[in-house]
């Protein structure tokens, strides 16, 4: 099966960013017919999106990938968003305040594996401007995803704004250093990759990864840059 929840959580954050400002009719969520007969396993229950419990499940489906992909496209309909990301086919649809996301890829010729994410977007409008970080003007908080695993807590914040990569890097670097984090590494993108910067910080109780990258303006009107901050905090065992 799959190797944990870091990749599907990152993918979910990117789709939540793309969904800011979009609208779709409300409606009850039907059963996901293309996945009938699949074997599911939860990737953990301690996952919240904008304060709301969110479910991510991985699945193993004994049907060929081309058939599953065609069925999922038909089920999601013309409102779907579709991308290729890190070797996965990613499909998503927003219905009212509910986001459903599928990641698919073949495993051999007769099996399809993937993840199913179901997130409520109700709190986004109320929370995306309220956060505990000093951010540049005109910055939107698109999503806040929290996961808890044995020994650590991860908090993934996704922002968007109209400022340049350099302006954002300088601002968030200063903000993190003011909170006691030490810059460990500053990396430019690989040749051929989208413009951006990745910065790693270390702190007394955990680490932070800051990624700043160009954003396709077709995804969100009026913005040019996406920023993700992943805080990983080591949880201390309570004294007995």
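Points to keep in mind about this one:
- By the beta-carbon count within 10 Å of each Cβ, the least crowded to most crowded order of 81, 111, 135, fewest first, is 111, 81, 135.
- Segment residue 138-residue 152, extension gain: residue separation times 0.36 nm, minus the distance between their alpha carbons: 1.9 nm
- Spin-label model distance (nm) - residue 233 vs residue 83, 7 Å beyond Cα toward Cβ: 2.7
- Ordered by the count of other Cβ atoms within 10 Å of each Cβ, fewest first, 212, 68 give 68, 212.
Rule-based calculations on the coordinates, nothing more; no lab input. Remember, it's a predicted structure, so these values are computed and weren't measured experimentally. Positions of Cβ are backbone-derived with ideal geometry, glycine not excepted, and every protein chain shown enters the neighbour counts.
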